[in-house]
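Structure first, then comments.
The values are calculated or read from the model by the stated rules, or taken from the named source; none is laboratory data. What you see is a predicted model; the values in this text were computed from it and never measured. Ideal geometry is used to build each Cβ from the backbone, glycine not excepted, and the neighbour counts take in all protein chains shown. Note: accessible area is taken over every heavy atom of the protein model, side chains too, but ligands, DNA and RNA are not part of it. Shrake-Rupley method; radii C 1.70, N 1.55, O 1.52, S 1.80 Å.
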Amino acid sequence: MGAAGGPTSQDGPDKGKTVATVIMILVQMAFAGWHVLGKVALNTGVSPLFFALIREAGASLVLLLLAAIFDPKPKYPSKQEMKIFFILGVLIFINIVGFILALNLVTPITAAIYQPLIPVWT
């Protein structure tokens, strides 16, 4: 307990800041590693479509696991929402395939530089 009877800095807001910082660093490392991993996989002869499918399937499994952990009683979407989710999923898959095909033509560093600029251009 601190001087005012509150929590000490070891279990207070500083711990939350540390956890948030570590998570942000891990996310940035994952994003940075994606470009290099993609280029290495393409150089070994993996099909861009197959690589995109594996990436999307892995991300889906991680999201399903997180959803099961944090929301044990989910509210299921309506048929209209399911159609929208499906269309958005297909568009994301096309985006990833396009990125992987472009990664065949440029270096991972160039791809990493251009990826954050997409919102600026659109």
Counting only residues that are over 18 Å from the mean Cα position of the chain (by Cα), free of Cβ contacts under 8 Å to residues at least 24 places away in the same chain and surrounded by 13 or more Cβ atoms within 10 Å (Cβ to Cβ), segment 81-122 contains a total of 3
Do we have any residue at all in segment 65-80 that's polar (S, T, N, Q), over 23 Å from Y114 (Cβ atoms) and either open to solvent by 80 Å² or more (accessible area, probe 1.4 Å) or assigned to a helix (DSSP H, G or I) (or both)?
yes
